[in-house]
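Participant: Handing you this structure, nothing more for now.
The values are calculated or read from the model by the stated rules, or taken from the named source; none is laboratory data. Quantities reported herein were computed from a predicted structural model and do not represent experimental measurements. So basically every Cβ, Gly included, is an ideal-geometry build from the backbone, and we count neighbours across all protein chains shown.
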Amino acid sequence: MNTVLQAHGLGKKYGRRWALTDCDLEVPAGHVVGLVGPNGAGKSTLLNLAVGMLTPSAGTVEVLGAPAGAQQAKVGYVAQDTPTYARLSIADHLRLGRRLNPAWDESLAQRRIQHLKLDPKQRAGKLSGGQRAQLALTLGLAKRPELLILDEPVAALDPLARREFLQDLMEAVAEQELSVLLSSHLVSDVERACDYLIVLVDSRVQVSGEIDTLLATHFRLTGPRRDQKDLPRDQHVVTASHTDRQSTYLIRTGQPILDPAWTVTQLTLEDLVLAYMGRDVQPERPVLEVQR
Ligand SMILES: Nc1ncnc2c1ncn2[C@@H]1O[C@H](COP(=O)(O)OP(=O)(O)OP(=O)(O)O)[C@@H](O)[C@H]1O
């Protein structure tokens, strides 16, 4: 697999408290990857380590084949609070982008600002939260990076702006060789824009893989009560719940489910994400990567 980001045993400590511990993760090239996980899972810490804004307390992280932070011209980053310079105008921001980035795409930047109906003379400090996010996202896209890292990029946008932004992002990916890693709490946004999913809980990757493959290999089985140990070995249990008479399993398998006792239903992406987010962090049988 061609990767744009690789973390091995990665950890970050703030004072005496670990924010991320022993994290192993690979992000494949050529995808829009959605990084999903509960609050405090370590997503922002991981992304900050990946762009070199933080230094690891343990382990390593490589981006585009080099230590994090060494490829700044090729990596675009929009942090969670979409920081901009309050006293600089939008036009100043674009000027700065042009000066600092060798591959700067001025026409893309101008087009987006115009389309967003933003006044180039307006200072960033006077923009609304959503407009500021759009400015930061415009700078990230116009940099024409090889890897664009976005920490909750659409959180401050209204639903229409969110949809348009994700559309722009997908177009940019289709037009150029761009890989994207974005964190989000909104599964619907991940579903719309991403083709690859990573679920991170407590610094651990619970599942990762192409979304189509994940959806084709995860099922809900409902039927008469049955012990987990009586399931076929190729059926990896993600979650299980039982009543006196009935069992419900959420399983991963690459094999057909032949047992007629089960009612088999397909999962939505939200079902799948919630199942992995809600279960114990250390699975009985590790379910790390789903491949066909
Ligand atoms: N500057 C900091 N100082 C101390 N602890 C921190 C700091 N930043 C994050 N943490 C802690 O590290 C852990 C991981 O935080 P992080 O922000 O990486 O999680 P996250 O997955 O991005 O969460 P969210 O989805 O809420 O944004 C949390 O327990 C958080 O309290």
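Participant: Go through (1) within 22 Å of residue 240 (Cα to Cα); (2) of a type in the set (Gly, Ala, Ser); (3) in contact with a helix residue (DSSP H, G or I) (Cβ under 7 Å, 6 or more places away or on another chain) one by one and return the number of the condition residue 193 breaks.
Facilitator: Result: residue 193 passes all but (1).
Participant: Those residues that are within 13 Å of the ligand (Cβ to nearest atom) and without any contact (Cβ under 8 Å) to a residue 40 or more places away in the chain, I need them from the stretch 49-75; list them, please.
Facilitator: Result: 53, single match.
Participant: Does the stretch 167-181 contain at least one residue that is within 16 Å of the ligand (Cβ to nearest atom) and either within 27 Å of residue 231 (Cα to Cα) or touching a residue at least 12 places away in the same chain (Cβ under 8 Å) (or both)? Full working, then the answer.
Facilitator: Step one: filter the stretch 167-181 for residues within 16 Å of the ligand (Cβ to nearest atom), giving 181.
Those still in the list that are either within 27 Å of residue 231 (Cα to Cα) or touching a residue at least 12 places away in the same chain (Cβ under 8 Å) (or both) too: 181.
Yes, because at least one residue in the stretch 167-181 is within 16 Å of the ligand (Cβ to nearest atom) and either within 27 Å of residue 231 (Cα to Cα) or touching a residue at least 12 places away in the same chain (Cβ under 8 Å) (or both).
Participant: Going by the conditions given, is residue 96 in a loop (DSSP other than H, G, I, E, B) and surrounded by 12 or more Cβ atoms within 10 Å (Cβ to Cβ)?
Facilitator: On the way: in a loop (DSSP other than H, G, I, E, B): no; surrounded by 12 or more Cβ atoms within 10 Å (Cβ to Cβ): yes.
Here the answer is no, as residue 96 does not meet what is asked.
Participant: Among the listed residues 139, 181, identify the single one that is under 19 Å from the mean Cα position of the chain (by Cα), within 29 Å of residue 42 (Cβ to Cβ) and either at pLDDT 90 or above or assigned by the TED database to the domain that holds residue 47 (or both).
Facilitator: From the options 139, 181, the qualifying one is 181.
Participant: Okay, moving on. Tell me which residues, restricted to the stretch 196-237, are crowded, with 17+ Cβ neighbours inside 10 Å and of a type in the set (D, E, K, R).
Facilitator: 204, 210, 220, 226
Participant: Follow-up question, since we're still on this one. Looking at this structure, is residue 148 of a type in the set (A, V, I, L, M), surrounded by fewer than 16 Cβ atoms within 10 Å (Cβ to Cβ) and closer than 27 Å to residue 64 by Cβ?
Facilitator: On the way: of a type in the set (A, V, I, L, M): yes; surrounded by fewer than 16 Cβ atoms within 10 Å (Cβ to Cβ): no; closer than 27 Å to residue 64 by Cβ: yes.
No; evaluated as a whole, the condition is false for this residue.
Participant: In addition: From the list 140, 129, pick out the single residue that is crowded, with 22+ Cβ neighbours inside 10 Å and under 16 Å from residue 79 (Cβ atoms). I'd like the intermediate steps shown before the answer.
Facilitator: Working: 129 fails: crowded, with 22+ Cβ neighbours inside 10 Å.
The match here is 140.
Participant: Just give me the residues in the stretch 12-24 being over 18 Å from the mean Cα position of the chain (by Cα) and away from the ligand (no atom under 11 Å from the Cβ), in sequence order.
Facilitator: Selection gives 22 alone.
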